[in-house]
Amino acid sequence: MPTLHGTHLSPYVRKVRIALAEKGIPYELNPIVHFDLPDGFEKLHPLRKIPVWTTDEGENIPDSSVIVAYLDKVNPKPRLVPEDPIHFARAAFLEEFADDALSATIATVFLQKVAYPLVLGQPTNEKVVGKALERLPGLFGHLDETIGKRDFMVGDSLTIADIAIASPLINYRHTGLEVDGDAHPNFKRYADAIINRPTIAEIFAEEVSIYGGLSPEAAARA
Ligand SMILES: N[C@@H](CCC(=O)N[C@@H](CS)C(=O)NCC(=O)O)C(=O)O
């Protein structure tokens, strides 16, 4: 069986897991964390990052975007990377937007509010959280404008753009925070719907069952 290497809580690993769930591809998860990778992991990923996908033939495919693009070629149903050139360009940019600015900003909040206190026993640095939270309205604002009244970011079905955006939103939800519906009503409606999509809701519920309530706020809300 193919193996996906990387912890559930990485937004990049989760991107691949959502794509695998949408396509109904069976796999094993090797939930290693990026700050404690085994010796020799550079043979799987030269930059020692997660995720890596190991095929049945023993080919190691690094990088979430590359893995999803590969899976879309070997198992195109449902297609997640649009074929139409303009739809492809819009989805590829939104994937980059989510992987870069959105994931990095939410990761700062997630590490400070969840990972450092729970895993390392370090207190949350509220100043760092505050600075990261100042960047979010600009990012959510772009997504609010892009989604408007539609259900999907590109075209009329789920694409890699929606998956890439949903993934860090789950980390955001693990911190106990929600998109502000007064400031970003379109994006709030979209975020709630995408996180409740069965494949994504199942992955979110599995993470909560493995890692517990994560943040005190999330535990109080559950
Ligand atoms: N562009 C990469 C980003 C992967 C990435 O940065 N993963 C993090 C974990 S969430 C990591 O392995 N970081 C280790 C490092 O940067 O050294 C992808 O989409 O797979």
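Below is a table of values for the structure above.
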{"quantity": "Projected area averaged over orientations for the stretch 38-142, convex hull of C-alpha atoms, nm²", "calculated": "9.4"}
{"quantity": "Alpha-carbon centroid distance for the pair the stretch 9-30 / the stretch 150-182, whole angstrom", "calculated": "16"}
{"quantity": "The stretch 85-221 - percent relative contact order, Cα under 8 Å, separation 6 or more", "calculated": "29"}
{"quantity": "Full-extension gain in nm, E145 to E96, via 0.36 nm per residue minus C-alpha separation", "calculated": "15.9 nm"}
{"quantity": "Inter-label distance, nm, simple model (7 Å from Cα along the C-beta direction), H34/N196", "calculated": "3.2"}
{"quantity": "Under the Karplus curve 6.51 cos²θ - 1.76 cosθ + 1.60, θ = phi - 60°, whole-Hz ³J(HN,Hα) for the stretch 113-128, x wherever Gly or Pro sits", "calculated": "8, 10, 5, 5, x, 7, 8, 9, x, 9, x, 5, 8, 5, 5, 5"}
{"quantity": "Estimated inter-spin distance, K131 and V74, nm [label 7 Å along Cα→Cβ]", "calculated": "4.2"}
{"quantity": "Whole-Hz ³J(HN,Hα) from phi, Karplus 6.51 cos²θ - 1.76 cosθ + 1.60, for the stretch 160-173, glycine and proline x", "calculated": "4, 4, 5, 5, 5, 6, 4, 5, x, 4, 5, 4, 4, 5"}
{"quantity": "Ranking by accessible area, most exposed first, for R48, R17 with a 1.4 Å probe", "calculated": "R48, R17"}
{"quantity": "Within the chain: Cβ-based charge dipole about Cα centre, in debye rounded to nearest 20 (Lys, Arg +1; Asp, Glu -1)", "calculated": "280"}
{"quantity": "Square roots of five times the Cα gyration tensor eigenvalues for the stretch 3-74, Å", "calculated": "18, 13, 10"}
{"quantity": "Alpha carbon Rg of the chain, scaled by the compact-globule rule 2.2 N^0.38 Å", "calculated": "0.99"}
{"quantity": "Magnitude of the charge dipole, the stretch 45-90, Cβ model with Lys/Arg +1 and Asp/Glu -1, debye to 20", "calculated": "200"}
{"quantity": "Separation in nanometres of the label points that stand 7 Å from Cα toward Cβ, at E178 and E83", "calculated": "4.0"}
{"quantity": "Within the stretch 51-157, trypsin sites (Lys or Arg not before Pro) in DSSP loop having at most 16 other beta-carbon neighbours inside 10 Å", "calculated": "R79, K149, R150"}
{"quantity": "Cα-based convex hull volume of the stretch 101-222 per residue, rounded to whole Å³", "calculated": "104"}
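The values are calculated or read from the model by the stated rules, or taken from the named source; none is laboratory data. What you see is a predicted model; the values in this text were computed from it and never measured. Neighbour counts are summed over all protein chains in view; Cβ atoms, including those assigned to glycine, are modelled from backbone coordinates with ideal geometry. Just so you know, the surface numbers come from the protein's heavy atoms only, side chains and all, with ligands and any DNA or RNA stripped out. Shrake-Rupley method; radii C 1.70, N 1.55, O 1.52, S 1.80 Å.
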